[in-house]
Amino acid sequence: MNKPDISVIIPVYREEQIINDFVQRLTEIFPAERHEIIIIDGDPVRTTLSALHVPGVSGSASGSGRGNQMNAGAAKARGKILLFLHADTTLPESAPDLIQTALRDQDLAGGAFSLGIDSSRWSLKLVEAAANLRSAATRVPYGDQAIFITKEKFSESGGFRDIPIMEDLELMTRLKKMGEKIIILPDKAMTSARRWKCEGVARGTLRNWLIRILYHLGVSPQKLCRMYR
């Protein structure tokens, strides 16, 4: 079998309620004859893997922590391009073509989509707009923007660090310091508004901003993780 064009790596933790609908939609965008989908379960009980019954999808277990999960998925991946996708995020149908077209530019190491939040609330539209202004200016996307990177550059960078939070920010910042170029596509990765609904928009947004500021000031990811929880 030829190597897949894109390996879609999805770290999960107790997503058994949504995983089959999510993966079924994803296989329509990333068909198995050209791409591969890898589910990495970080739950010791493996509840998501136990619930998964979509054919043609690879499932595996790993240690806890999203960085560990994504590294485990990357180690299994056979594709030339790695796409790290959250289980509450929906991509446009043209996502494979958008990613492959962008990475035809040999100067690019990788990139991400712009952020979309699946809600009509004006407060979340402001959050979305602010996040997109930040990522457009810094070229340092977050994981809910569906980060993609060539497998070669991922290997050269050393992959995700074994830290409990901010592993996506740390990797993309490190790539920039290595002189690598990152693209932010105008097309949106639509993420669920569920965490804002649970926490409240103001509380969740202010906490996230505070954690990012403290991270840039040098506070350890371990302390930030305790704050986040």
If N is the residue count of segment 77-173, its Cα Rg over 2.2 N^0.38 Å rounds to 1.11
Per-residue counts of other Cβ atoms within 10 Å, averaged by peptide: what ranking do you get for 202-209, 92-99, highest first? 92-99, 202-209
Output for segment 62-132 (equivalent-ellipsoid semi-axes, sqrt of 5λ from the C-alpha gyration tensor, Å, descending) is 25, 19, 11
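Once neighbouring chains are kept in place and the probe is 1.4 Å, which whole percent of the accessible area of segment 137-229 is contributed by carbon and sulfur?
57
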Measuring from its Cα centre, the chain shows a charge dipole (+1 at each Lys and Arg Cβ, -1 at each Asp and Glu Cβ) which, in debye to the nearest 20, is 840
In straight Cα distance, which lysines are under 19 Å from Lys125, not counting same-chain residues fewer than 8 positions off? Lys188, Lys197
Cα gyration tensor shape for segment 4-71, rounded if a/c is under 1.5, else prolate or oblate: oblate
With a ≥ b ≥ c the root eigenvalues of the C-alpha gyration tensor of segment 105-229, is it rounded (a/c under 1.5), prolate (a/b larger than b/c) or oblate? oblate
Grab the Cα-Cα distance for Asp187 and Arg25, subtract it from 0.36 nm times how many residues apart they are, and report the gain in nm with one decimal. 56.5 nm
Which residues does a label at Ala130 reach in segment 169-198, if reach means a backbone N under 16 Å from a point 7 Å past the Cα toward the Cβ? 196-197
Please compute the contact order of the chain in relative form: average sequence separation of alpha-carbon pairs under 8 Å and at least six residues apart, divided by the residue count, as a percent. 21
May I ask you to list the residues of segment 22-58 whose amide nitrogen lies under 17 Å from a point 7 Å from Cα along the Cα→beta-carbon direction of Asp5? 26-38
As straight-line cross-link partners of Lys3, the qualifying lysines (C-alpha separation under 22 Å, not fewer than 8 residues apart within one chain) are Lys76, Lys80, Lys151, Lys153
Would the chain count as rounded, prolate or oblate if I go by the C-alpha gyration tensor, calling it rounded below 1.5 in a/c and otherwise prolate when a/b exceeds b/c, oblate otherwise? rounded
Simple SL model, points at 7 angstrom along Cα→Cβ for Val219 and Ser60; separation in nm is 3.5
Linear extension gain, Thr101 paired with Ser155, 0.36 nm per residue minus alpha-carbon span: 17.3 nm
In whole percent, and with a 1.4 Å probe on the protein chains, what portion of the accessible area of segment 23-80 is carbon and sulfur? 51
Using θ = phi - 60° and the Karplus relation 6.51 cos²θ - 1.76 cosθ + 1.60, list the HN-Hα couplings for segment 3-13 in order, rounded to whole Hz, with x at every Gly or Pro. 5, x, 5, 10, 9, 8, 10, 10, x, 10, 8
Using alpha carbon centers only, segment 169-222 is separated from segment 51-116 by a whole-angstrom value of 18
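Highest mean first, what order results for 101-109, 37-45 on Cβ atoms within 10 Å?
37-45, 101-109
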Whole-Hz Karplus couplings 3J(HN,Hα) for segment 61-72, θ = phi - 60° and coefficients 6.51, -1.76, 1.60, Gly and Pro as x, run 9, 8, x, 6, x, 4, x, 4, 4, 5, 5, 5
Sorting check: for 187-199, 77-89, which peptide has the highest mean count of neighbouring beta carbons within 10 Å, and how do the rest follow? 77-89, 187-199
What accessible area per residue, rounded to a whole number of Å², is obtained for the chain using a probe radius of 1.4 Å? 49
Per-residue ³J(HN,Hα) for segment 14-20, Karplus 6.51 cos²θ - 1.76 cosθ + 1.60, θ = phi - 60°, Hz, x for Gly and Pro: 6, 10, 5, 6, 10, 4, 5
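The values are calculated or read from the model by the stated rules, or taken from the named source; none is laboratory data. Given the structure is predicted, the values throughout are model-derived calculations rather than measurements. Heads up, the Cβs are rebuilt from the backbone with ideal geometry, glycines too, and the neighbour counts pull from every protein chain shown. Surface areas here come from the heavy atoms of the whole protein model, side chains and all, with no ligands, DNA or RNA. Shrake-Rupley method; radii C 1.70, N 1.55, O 1.52, S 1.80 Å.
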